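Asks: Sharing a structure with you now.
The values are calculated or read from the model by the stated rules, or taken from the named source; none is laboratory data. Being a predicted model, the structure only gives us computed values, none of them experimental. Cβ atoms come from the backbone with ideal geometry, glycine included; neighbour counts cover every protein chain shown. Side chains included, ligands, DNA and RNA excluded: accessible areas come from the protein's heavy atoms. Shrake-Rupley method; radii C 1.70, N 1.55, O 1.52, S 1.80 Å.
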Amino acid sequence: MNTKKFFNLKVILSLVTVLTVLGCSKSTEPNVTKQDLPKISVQLWSVKNALTNDFKGTLQKLSDMGFEGVEFAGNFGPYAGDAKGLKQFLNSLNLTASGAHVNYDALSNANIESTLDFYQTLGAKLLIVPWDERAWHPTDVKEMVAQLNAIQAKVTERNMVFGYHNHDQEFNEFQGETYWDYIAQNTNNSFLLQLDVGWVNYSKKDAVNFVTKYPNRTLTTHYKVRTKDGQPESVILGDDGYDWATLIKTNIAVGGTKWIVVEQEEYPAGLTELDSVKLSKQGLDKIMARLD
């Protein structure tokens with residue numbers, strides 16, 4: 001079958017699925033229960049300065065906010081090299097490692113086995129490359145995808161999941177679609193596509209469309225607000241005007257989403273990293289409560 005036609009067929013079927021499940025009116029929307037809702041994590045890059053100053057105390061505060069998980073981004077505080085100790089500490093706070101952003105050096109042939117040992121012991125099953133400038137280069141993107149596929153083969157051997165995280169440039173036009181489409185269509189269906197909704201919106205694309213287009217591949221997704229210079233928009237989830245409720249329903253019905261990861265990269269004047277994250281967590285809680 002022609003590859004282009006195949007993917008167009010997938011898109012049509014996916015759209016039919018989401019329209020059927022979500023419905024066109026309130027009377028046909030699915031009943032969303034607490035059991036359906038993804039768990040809530042926080043990307044630790046959001047509190048990078050607080051984490052550096054007080055690793056344990058910061059994780060305690062995140063637990064007190066009601067987060068169920070944390071997504072690591074290379075800072076393990078006093079537990080660097082001690083995955084077992086870190087897992088025990090997380091357990092004491094009722095936190096889980098929802099996943100981790102991992103750079104290529106840690107995934108090199110020389111380091112990948114020790115890296116996978118660490119995350120496997122920690123219980124972080126979702127490993128994600130957070131950044132690669134080749135992802136929006138017309139020739140280098142093919143090299144990047146080949147590298148991702150090779151790494152995924154090794155990660156999968158450990159019964160772990162491997163994927164890639166977007167910024168805005170991945171939604172630049174490429175071959176009649178976007179670079180994100182190219183990455184999705186040239187990796188297999190078990191390759192995780194971690195959508196960063198803030199960057200998708202920044203690029204003026206529709207996150208719901210991409211969750212729908214690639215079913216069961218958005219196992220974890222970043223919820224954040226990313227503003228352009230000069231915009232007055234609030235950077236706190238729930239105060240920004242975006243229809244998060246529809247996205248949550250799509251994540252549940254189509255995306256296979258297990259973790260919603262709150263990320264804060266912009267902070268209102270006068271508020272600390274932790275203050276800002278707390279407000280976004282409260283905003284997300286209110287949205288999810290209305291779905292129950």
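Asks: Based on the alpha-carbon gyration tensor of the range 166-216 and its eigenvalue square roots a ≥ b ≥ c, which shape applies: rounded if a/c is under 1.5, prolate if not and a/b is larger than b/c, or oblate?
Replies: oblate
Asks: For the chain, what does -39500 (n - 2.57) per DSSP helix run (n ≥ 4), summed and divided by total residues, give at 222 nm, in deg cm²/dmol to the nearest 500?
Replies: Helix-only estimate at 222 nm: -12500 deg cm²/dmol.
Asks: Related question: So between ASP105 and THR227, what do we pick up on full extension, going 0.36 nm a residue minus the alpha carbon distance?
Replies: This chain segment gains 40.8 nm when fully extended.
Asks: Compute the FRET efficiency between ASN75 and GLU173 as 1/(1 + (r/R0)^6), taking r as their Cβ-Cβ distance and R0 = 51 Å, and round to the nearest 0.05. Write out the running numbers ahead of the final one.
Replies: Numbers: r = 36 Å, r/R0 = 0.70.
Calculated transfer efficiency: 0.90.
Asks: How high is the FRET efficiency between GLU157 and ASP275 when r is their beta carbon distance and R₀ equals 35 Å, given to the nearest 0.05? Show your work: numbers first, answer last.
Replies: Working: r = 42 Å, r/R0 = 1.21.
About 0.25, to the nearest 0.05.
Asks: Then there is this: For labels at ASP82 and THR139 in the simple 7 Å Cα→Cβ model, what's the distance in nm?
Replies: 4.9 nm
Asks: Just check the range 225-292 against the gyration tensor rule for me: Cα atoms, a ≥ b ≥ c as the square roots of the eigenvalues, rounded for a/c under 1.5, and otherwise prolate or oblate depending on whether a/b exceeds b/c.
Replies: It is prolate, given that a/c is not under 1.5 and a/b is the larger ratio.
Asks: Same structure, new question: Taking the highest mean first, how do the peptides 108-120, 245-257 order by number of other beta carbon atoms within 10 angstrom per residue? If you can, show how the numbers build up before the last one.
Replies: Details: 108-120: 14.7, 245-257: 21.5.
Top of the packing list down: 245-257, 108-120.
Asks: I've got another one for you. Calculate, in nm to one decimal, what ASP285 and GLU266 gain on full extension: separation in residues at 0.36 nm each, minus their alpha carbon distance.
Replies: Values: separation 19, 0.36 × 19 = 6.84 nm, distance 1.95 nm.
Gain on extension, ASP285 to GLU266, equals 4.9 nm.
Asks: Another question about this same structure. Charges only on Cβ, +1 for Lys and Arg, -1 for Asp and Glu: so what's the dipole of the chain about the Cα centre, in debye to the nearest 20?
Replies: With only Lys, Arg, Asp and Glu charged at Cβ, the dipole is about 860 debye.
Asks: In addition: Counting heavy atoms of the protein chains only and a 1.4 Å probe, report the per residue accessible area for the chain as a whole number of Å².
Replies: About 47 Å² of surface per residue is accessible.
Asks: Could you check what % of the DSSP bridge pairs in the chain are antiparallel, to the nearest 5? Present the calculation step by step, with values, prior to reporting the outcome.
Replies: Values: 2 of 27 bridges.
So the antiparallel bridges amount to about 5 percent of the total.
Asks: Could you derive backbone 3J(HN,Hα) for the range 59-76 from the dihedral phi with the Karplus parameters 6.51, -1.76 and 1.60 (θ = phi - 60°), listing whole Hz in sequence and x where the residue is Gly or Pro?
Replies: Rounded to whole hertz, the list is 5, 4, 5, 5, 5, 5, 6, x, 5, 9, x, 9, 10, 7, 9, x, 9, 10.
Asks: Whenever you get a sec, compute what percent of the accessible area on the chain sits on carbon and sulfur atoms (1.4 Å probe).
Replies: Percent of accessible area from carbon and sulfur atoms in the chain: 50.
Asks: Among ASN201, ALA80, GLN185, pick out the residue whose Cα is farthest towards the positive end of the charge dipole of the chain, where Lys and Arg carry +1 and Asp and Glu carry -1 on C-beta, about the Cα centre.
Replies: GLN185
Asks: Computed on alpha carbon atoms, what radius of gyration and Dmax characterise the chain, expressed in Å?
Replies: Rg then Dmax for the chain, in Å: 18.8, 57.
Asks: Given a cut-off of under 8 Å on Cα pairs at least six residues apart, what relative contact order in percent is computed for the range 99-140? Don't jump to the answer; show the numbers that get you there.
Replies: Numbers: 27 pairs, mean separation 22.3, N = 42.
Reported as a whole number, the value is 53 percent.
Asks: Let me ask you something else. How much length would be gained if the chain were fully extended between LYS48 and GLU113, taking 0.36 nm per residue of separation minus their Cα-Cα distance, in nm to one decimal?
Replies: Gain in length upon complete extension: 20.7 nm.
Asks: Moving on to the next point. If I build a Gaussian network model for the chain, linking alpha-carbon pairs within less than 10 angstrom, which residue out of GLN194, GLN175, GLN60 has the largest mean-square fluctuation?
Replies: GLN175
Asks: Taking only Cα atoms and a 10 Å spring cutoff, compute GNM fluctuations for the chain and point out the largest among LYS278, LYS154, LYS204.
Replies: Maximum among the listed residues: LYS204.
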